[in-house]
Amino acid sequence: MSTLSSELSPPDASRGREPAPSPASERVIILESGRAERNYWRDLWHYRELFAILAWRDVAVRYKQTAIGLAWALARPFLTMVVFTVIFSRVAKLPSDGSAPYPILVFAGMLPWFLFSSVLSEASNSLIGNANLISKVYFPRLVIPSASAVVALVDFAVNLAMLALLMLWWGFLPGWRVILLPAFVALAVLASLGPALWITALNVKYRDFRYIIPFIVQFGLYVSPVGFSSAVVPEKWRFWYSLNPVVGVIDGFRWCLLGGQSQFYLPGFLVSLAVVAFFLWFGVHYFRATERAFADMI
Amino acid sequence: MSDVVIRAEGLGKKYLIGHEGKRESYVALRDVVARNLKGFVRSAGDVLSGRQLIVGDEVEEFWALKDVGFEVKRGEVLGIIGRNGAGKSTLLKILSRITEPSAGRVEIKGRVASLLEVGTGFHPELTGRENVYLNGAILGMSRAEIKRKFDEIVAFAEVEKFLDTPVKRYSSGMYVRLAFAVAAHLEPEILVVDEVLAVGDAEFQKKCLGKMGEVAGQGRTVLFVSHNMVAIQHLCARALLLKGGRIALDEASQPVISHYLSDAVSSNKIDLESWIDRITTGEARIIALEYDDGRNGTSITFGGNLRIRIRARFPTPARDPVFGFVIHDGTGVPLSDFCSAHDGLHAGVVSGELSIEARVCELSFHPGRYLLSPWICDSAFQRNLDFPKLCAAIEINQAAGEHGDMRLEKAWGTVYFPAHWRLVSGADQ
């Protein structure tokens with residue numbers, strides 16, 4: 001007892017109560033049941049450093065302690081491309097878009113698909129994976145799933161470099177449209193973030209929702225125009241086919257990368273865009289509504 | 001100064017808990033199917049409407065915190081004490097915005113940083129340096145702030161040499177030191193701390209307490225939860241005592257601590273069936289504790305005997321459980337641990353209700369008030385099967401008879417050891 005107290009100043013002497021100067025713009029936080037956070041979006045901006053550091057952590061951890069770290073990011077799309085080219089082009093004899101080489105057609109479809117599916121799986125498991133943070137510290141929870149999407153973007157950058165090499169190999173260069181590619185990258189991320197936010201929030205309460213993800217990813221690879229051009233879909237179905245938001249994203253990618261060789265089907269694209277917007281709104285809405293109770297349930 | 005930075009009014013937090021209804025031992029398949037179907041339909045309904053999912057047949061509301069109201073002024077260091085389950089952690093979680101209250105409101109002025117655990121978010125694969133930045137950001141420090149304090153943090157943690165080693169290779173001591181060092185350099189206006197001092201070795205704990213004292217001295221507002229009454233007494237001028245989710249007492253820390261510790265029942269026979277503050281796995285339950293002087297007398301004296309009888313229930317058979325009890329001083333500091341295995345008792349396989357008796361001869365604690373915590377753990381000392389804490393009080397009286405002429409005061413010491421004395425020089429031979 002005495003050893004402890006000797007380290008401490010006596011309770012009243014040192015505490016002369018020199019109050020810390022109060023900043024003029026001191027914010028008052030009011031915590032109440034069911035009170036929506038007014039400054040949520042400003043808070044989110046305030047926590048941008050946390051976002052950056054969590055994203056950096058996910059990337060660093062992913063490439064640490066993996067013997068062939070980068071090779072995984074290269075092998076997966078490459079092998080998928082080879083298999084798809086053989087199956088869809090050689091066996092099923094599906095046509096490419098215009099004169100574009102089939103492997104490039106496949107690769108241009110696979111890029112957004114992998115981006116979409118890895119954002120979806122990373123983000124939907126992110127809250128559970130960071131349960132210790134959620135139950136111990138406050139910050140806008142939206143930071144976690146969005147930071148985890150950054151890992152997928154790093155893999156995407158690697159894949160994009162591979163595509164550039166492939167295009168050089170075939171001597172097939174994209175036209176001016178390629179400058180619009182970033183917009184479609186953003187679209188792919190947003191398309192996936194919507195459902196991911198919804199599923200990750202559901203995952204906090206009901207762990208069985210995580211089993212849905214591998215299913216969506218596996219199934220989606222075949223229902224989305226990854227291994228084939230969406231032009232092979234009969235005209236009368238094409239509008240309905242675009243209800244799958246990935247269709248619009250992939251079509252956009254091909255339109256950017258394959259030059260004029262890929263036809264852009266505008267009504268379908270607008271439908272995809274609407275579906276993306278709806279899911280994003282719904283995902284954010286659901287996430288925000290349940291966010292406050294995450295710590296109680298995780 | 002009447003500058004209030006935290007004002008809580010009618011604060012409450014409700015949890016819903018599900019209970020399994022009464023199950024007949026004899027069940028028909030039809031009932032099982034019907035019950036599961038009913039459960040499934042309810043769960044599906046809850047999922048669709050976004051309600052909390054509850055397992056069990058009956059749902060009960062449980063208020064972890066109810067009608068809590070208090071004010072904290074700028075620069076005040078407030079201690080929060082209470083037994084396990086009294087609502088301390090829930091209160092801290094609300095104040096640090098991790099969870100929202102179900103009732104009432106809190107107004108907080110200024111930046112709050114909460115330390116509910118040291119090393120939140122530490123990643124084993126990352127190096128010490130990387131983890132400082134990560135943990136700092138999680139606790140709400142900006143990058144520039146961490147950069148400025150980096151050397152100070154590292155020096156405080158004494159891990160300079162291992163900065164570029166992944167923390168998974170750190171010893172647990174180094175890990176905790178680094179984690180606390182980051183936390184100690186937080187500079188929020190309001191700091192909420194939960195029991196983080198219960199880590200690290202004694203030397204480091206002292207350093208942490210010193211740092212806490214320093215923070216308090218800088219005029220920052222601190223809310224501090226601890227079971228360490230010594231720390232509370234030294235750091236906090238004022239304390240809140242929570243009991244069953246309500247504020248039982250809110251005044252200067254000394255009387256609050258005394259009141260908290262006086263909870264322990266000073267009776268020779270104590271019923272522990274419904275004692276709440278306990279660590280338990282459910283494999284055993286201590287249901288009563290009795291003590292006397294070994295001759296059915298109720299007065300315990302210095303130099304006399306103490307006989308303790310623990311009644312316990314084992315719902316399922318347990319192999320070689322170890323029984324014991326801790327004697328604490330009046331402020332809860334453990335003084336002596338008695339253990340059946342050390343004294344050669346092997347219980348074998350036990351089940352159902354049983355009683356176990358221990359007899360301590362020639363009690364050498366100075367007269368005064370002591371507290372008792374009986375415990376049962378598994379044969380490997382890995383798990384506390386049941387451990388009701390600080391549940392009994394025992395008054396040791398001045399000796400009579402054999403030691404009757406000895407004067408021992410509580411203030412002079414705690415334990416008496418007889419020694420052999422002789423005069424070596426200066427006396428006439």
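Rule-based calculations on the coordinates, nothing more; no lab input. Predicted, not measured: the structure shown is a model, and the values here were computed from it. Glycine also receives a Cβ, built like all others from the backbone with ideal geometry; neighbour counts cover every protein chain displayed.
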(request) Work out the FRET efficiency for B:Lys168 and A:Arg76 from their Cβ-Cβ distance, taking R0 = 30 Å, and round it to the nearest 0.05. (result) 0.65
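Please give the length that would be gained between A:Arg177 and A:Ile30 if that part of the chain were fully extended, namely 0.36 nm times their separation in residues minus their C-alpha to C-alpha distance (nm, one decimal). Working shown, then result.
Values: separation 147, 0.36 × 147 = 52.92 nm, distance 4.98 nm.
Residue separation times 0.36 nm, minus the Cα-Cα distance, leaves 47.9 nm.
Going by the alpha-carbon gyration tensor, a ≥ b ≥ c the square roots of its eigenvalues, is region B:66-261 rounded (a/c under 1.5) or, if a/c is not under 1.5, prolate (a/b greater than b/c) versus oblate? Before the final figure, lay out each step's value.
On the way: a/c = 2.00, a/b = 1.73, b/c = 1.16.
In terms of gyration-tensor shape, prolate.
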(message) How are the alpha carbon pair distances in the protein assembly as shown distributed across 10 Å bins from zero to the largest one, expressed in percent?
(response) 2, 11, 17, 19, 18, 14, 9, 5, 2, 1, 0, 0, 0
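Rounded to the nearest 0.05, what FRET efficiency do B:Ser267 and A:Ala293 give with R0 = 56 Å and r taken as the Cβ-Cβ distance? Could you check?
Numbers: r = 43 Å, r/R0 = 0.77.
After rounding, the FRET efficiency stands at 0.85.
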(request) Could you list, in their original order, any pairs among B:Lys211/B:Lys389; B:Lys269/B:Lys389; B:Lys88/B:Lys389; A:Lys64/A:Lys136 whose Cα atoms are separated by more than 19 Å? (result) B:Lys211/B:Lys389; A:Lys64/A:Lys136
(request) For A:Lys93 paired with B:Trp412, estimate the spin-label separation in nm (one decimal), with each label point 7 Å from Cα along the Cα-to-Cβ line. (result) 10.9
(message) Once you place label points 7 Å from the Cα toward the Cβ at B:Val59 and A:Asp208, how far apart are they in nm?
(response) 1.8
(message) Under a Cβ-only charge scheme (Lys and Arg +1, Asp and Glu -1), can you give me the dipole magnitude of region A:37-297 about the Cα centre, in debye to the nearest 20?
(response) 180
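So how strong a dipole does chain B carry about its Cα centre when Lys and Arg Cβ are +1 and Asp and Glu Cβ are -1, to the nearest 20 debye? Spell out each step's value before the answer.
Details: 52 positive and 55 negative charges, 221 e Å.
Around 1060 debye, computed over chain B.
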(message) Can you give the Rg/Rh ratio of chain B, where Rg is from the C-alpha atoms and Rh is the Kirkwood radius?
(response) 1.03
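What does the charge count around A:Ala191 come to, taking other residues whose C-beta lies under 15 Å from its C-beta (Lys +1, Arg +1, Asp -1, Glu -1)? It would help to have the intermediate numbers written out before the result.
Details: positive: none; negative: A:Glu122, A:Asp251.
With Lys, Arg at +1 and Asp, Glu at -1, the net is -2.
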(message) Along the charge dipole of region B:269-410, pointing to its positive end and built from +1/-1 on Cβ of Lys, Arg, Asp and Glu, which listed residue (B:Ala399, B:Leu371, B:Thr301) has its Cα farthest out?
(response) B:Leu371
(request) For region A:189-247 and region A:129-151, compute the distance between their C-alpha centroids and round to whole Å. (result) 24
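For the protein assembly as shown, what is the charge dipole size about the Cα centre, in debye to the nearest 20, if Lys and Arg each add +1 at the Cβ and Asp and Glu each add -1 at the Cβ?
Values: 76 positive and 72 negative charges, 497 e Å.
In total the dipole reaches around 2380 debye.
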(request) On a C-alpha basis, how far is the centre of region B:59-83 from the centre of region B:227-287 in Å? Whole number, if you could? (result) 15
(message) Nearest 500 deg cm²/dmol is fine: what mean residue ellipticity at 222 nm does chain A get from its DSSP H runs of n ≥ 4 alone, each adding -39,500 (n - 2.57), divided by its residue count?
(response) -21000 deg cm²/dmol
(request) Sticking with the crude label model, points 7 Å out along Cα→Cβ, report the distance from B:Glu107 to B:Arg7 in nm, one decimal please. (result) 0.3
(message) Could you tell me which residue out of A:Tyr47, A:Leu163, A:Asn125 lies farthest along the dipole of region A:37-297 toward its positive end? Charges go on the beta carbon: Lys and Arg +1, Asp and Glu -1, centred on the Cα centre.
(response) A:Asn125
(request) For region B:345-372 and region B:301-335, compute the distance between their C-alpha centroids and round to whole Å. (result) 4
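Find me the longest stretch of chain B that has none of the exposed trypsin sites (Lys or Arg not before Pro), where exposed means in a DSSP loop (not H, G, I, E or B) with at most 15 other Cβ atoms within 10 Å. Could you put the intermediate results ahead of the total?
Working: sites that count: B:Lys22, B:Arg23, B:Arg51, B:Arg295, B:Arg383, B:Arg407, B:Arg422.
Longest site-free region, per DSSP loop and neighbour criteria: B:52-294.
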(request) List the lysines whose Cα lies under 27 Å from the Cα of A:Lys236, skipping any in the same chain that are fewer than 8 positions away. (result) A:Lys93
(request) Take region B:269-410, compute every pairwise Cα distance, and split them into 5 Å bins from 0; I just need the percent in each bin. (result) 2, 10, 20, 23, 18, 13, 8, 4, 2, 0, 0
(request) Holding the Cα-Cα limit at 24 Å, pick out from B:Lys149/B:Lys206; B:Lys66/B:Lys206; A:Lys205/B:Lys93; B:Lys73/B:Lys206 the pairs that are longer than that. (result) B:Lys66/B:Lys206; B:Lys73/B:Lys206
(request) Just name one of B:Gly10, A:Ala75, A:Pro245: the one whose Cα is farthest towards the positive end of the charge dipole of the protein assembly as shown (beta-carbon charges, Lys/Arg +1, Asp/Glu -1). (result) A:Pro245
